[in-house]
Amino acid sequence: MAMPKMSDDTKSHNFSEHHQRHVRTTFQYIDKLLSEAEHTMTDAGSPSPFRRHSDDTTPIQRKVTHDYIVRIREAMRRVMAINLMYCSISLNELTPERIRAYGPLSPEAADRLDAIRAELDGLVAKLRSYLGKGAGGDLQHRLQQLGQTGDEIRLVSEIERIITAHGLVEFRGTLSMLLDRMESAAFEVGVFGRVSSGKSSLLNYILQTDVLPIGVTPVTAIPTRISHGPVAEAGIEFAEAQPRIISLFELPEFATEQKNPGNKKHVTRIFVKLPSDRLAEGVTFVDTPGLGSLAVAGAEETIAYLPRCDLGIVLIDASAGLTHDDLVVVQALYQAGASAMILISKADLFRVADRQQMISYVKANLLDQLRVDPPVHAVSVFGADAAMCDRWFESELRPFLTQHQELAIISQKRKIGALREAVMGALERRLQSSSETVTVGTTGVSAEATEALRSGDLILERVQGECFFLTRKIAKMQRAIIDVAAQRIAAALIEPGWHADAGSIFSETL
């Protein structure tokens with residue numbers, strides 16, 4: 001393959017042919033490392049049963065990583081016509097001191113080379129710093145912050161230990177999202193649907209506002225959380241920059257595909273506060289990105305959000321009918337331990353008899369294909385037909401909202417149970433895969449022995465978990481133990497004829 005040519009800009013700074021060849025070689029090696037990082041991310045996200053990597057990244061992490069790789073390559077392209085640590089090491093080879101080994105270097109060329117290296121090194125360092133933060137922070141630290149009382153926390157801590165011990169990185173994103181849910185007392189109602197199915201219009205109608213952007217093209221780039229607040233405002237969090245508080249008029253700049261295409265601004269979360277009575281009890285509504293071919297990146301964000309959702313409202317466009325995407329979301333909601341409601345939107349376009357027929361069709365397909373029977377309603381938010389939405393809200397959604405505290409506890413237990421079952425399933429598949437590698441001539445282990453070993457392993461894991469919490473509890477008693485021992489030793493010192501050993505008193509106290 002022919003070497004890429006250096007630009008005239010680089011030649012003008014008196015880089016000799018040897019200098020140019022060394023820079024090209026270094027850049028080629030960096031590009032190879034970046035390609036390997038891209039291949040690893042692609043392989044991890046592949047549904048192939050032969051993939052070599054497990055996906056433990058979030059959509060925003062993949063987006064930020066891709067954008068940095070593009071910027072690094074663009075910086076190299078201006079000079080010429082993930083394994084980030086080794087990229088940094090390679091860039092160190094481009095210092096003027098090292099490159100003078102390939103021939104004399106003018107001061108202008110040395111300055112130019114320093115600028116090139118500093119720009120690339122800065123980009124690589126920023127990307128390494130971002131990825132070093134992880135998708136959800138320190139999971140163990142977050143569990144400790146939640147406290148250690150309650151069976152749920154102990155169970156989640158044990159699940160985290162098993163995930164870490166066995167390298168089940170594919171579950172870390174779900175675990176992080178579950179911790180997000182446990183750290184918040186709000187009951188989260190997610191609104192899902194294909195592009196232009198009417199999600200934002202429905203939320204604007206329910207909350208009696210018009211702040212959520214509406215359009216015929218994908219307008220929601222990432223999930224937007226709407227909760228109660230004394231003042232109407234929005235908060236924006238970024239992957240790299242500091243969070244910002246903005247007015248609701250600025251929301252489209254960050255929440256729409258038109259103003260933030262492909263989430264190029266690297267927004268990680270959007271929070272909207274509204275002084276709405278329907279939010280006052282601690283319920284949070286979440287407007288998710290649309291599904292379908294027009295919103296591939298947004299669909300990733302929607303699927304990643306599912307483990308946090310308590311109740312999913314799935315909108316089916318009456319003019320498009322039930323689709324594969326709709327079935328995927330409903331199934332994923334139940335798998336994530338959430339409840340589901342189905343709304344057939346834009347029902348004002350059809351006669352009353354047709355609406356009932358659509359409801360029956362959707363219910364029959366959900367039961368036949370997914371074996372689930374959620375409530376299904378036809379709704380509209382326009383004109384006199386908006387009464388359908390009002391009836392649904394009063395008969396179905398309001399009862400949920402009034403019981404949200406009890407339902408949030410039930411939802412949390414379901415989600416923990418779902419994660420536990422998924423982790424156990426992954427471990428069983430590994431065990432089965434390992435057993436299949438045993439040769440035919442090898443003496444097999446009886447079913448009774450296998451079951452005994454599994455029971456023993458569960459006992460050991462439970463004991464290890466109990467020991468972990470016991471040692472942490474004892475560690476917190478250090479000061480109390482020392483104080484009590486000091487008091488006993490001091491009391492013994494003033495007794496006449498004292499001959500006891502201070503070490504013995506401390507041991508007895510401990």
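For this structure, a couple of remarks:
- Neighbour-count ranking [beta-carbon atoms within 10 angstrom, fewest first] of ARG391, ARG194: ARG391, ARG194
- Karplus-derived 3J(HN,Hα), 6.51/-1.76/1.60, for each residue of the range 325-333, Hz, glycine and proline x: 4, 4, 5, 4, 5, 4, 5, 5, 4
- Of LYS199/LYS413; LYS32/LYS265; LYS199/LYS259, pairs whose Cα-Cα distance is over 25 Å: LYS199/LYS413; LYS32/LYS265
- Ranked list, fewest to most other Cβ atoms within 10 Å of each Cβ, for THR323, THR224: THR323, THR224
- Ordering of 249-260, 478-489 by packing [mean C-beta count within 10 Å, highest first]: 249-260, 478-489
- The label-point distance for ILE494 and THR509, in a model that sets each label 7 Å from Cα toward Cβ, rounds to 1.6 nm.
- 3J(HN,Hα) along the range 153-162, derived from phi through the Karplus expression 6.51 cos²θ - 1.76 cosθ + 1.60 where θ = phi - 60°, amounts to 5, 5, 5, 5, 4, 5, 4, 4, 5, 5 Hz, with x in place of Gly and Pro.
- Inter-label distance, nm, simple model (7 Å from Cα along the C-beta direction), ASP368/MET424: 3.4
- Amide H contacts of VAL272: ARG225, ILE226, SER227, GLY235, each under 5 Å away and 5 or more positions distant or on a separate chain (H built 1.01 Å from N in the peptide plane; Pro and chain starts excluded).
- Close amide H partners of GLY290, meaning residues 5 or more places away or on another chain with modelled amide H under 5 Å apart, are VAL219, THR220.
- Of the peptides 152-164, 229-241, the order by per-residue mean of other Cβ atoms within 10 Å, starting with the highest, comes out as 152-164, 229-241.
- Remark on PHE192: its backbone amide H falls under 5 Å from those of ILE313, VAL314, LEU315, a criterion applied only to residues 5 or more positions apart or on other chains, H modelled at 1.01 Å from N.
- Note on ILE245, ILE30: ascending count of other Cβ atoms within 10 Å places them as ILE245, ILE30, the fewest first.
- Largest-first principal axis extents, alpha carbons of the range 184-402, Å: 51, 34, 31
- Computed from backbone phi, the HN-Hα couplings of the range 395-406 come to 8, 10, 7, 4, x, 4, 5, 6, 10, 5, 5, 5 Hz, rounded to whole numbers (Karplus: 6.51 cos²θ - 1.76 cosθ + 1.60, θ = phi - 60°; Gly and Pro given as x).
- Dipole magnitude (debye, nearest 20) for the range 184-402, charges at Cβ of Lys, Arg, Asp, Glu: 100
Values in this text are rule-based calculations from the coordinates and carry no lab data. The structure displayed is predicted, hence computed values, not measured ones. Here the Cβ is made from the backbone with ideal geometry for all residues, glycine too, and neighbour counts use every protein chain on show.
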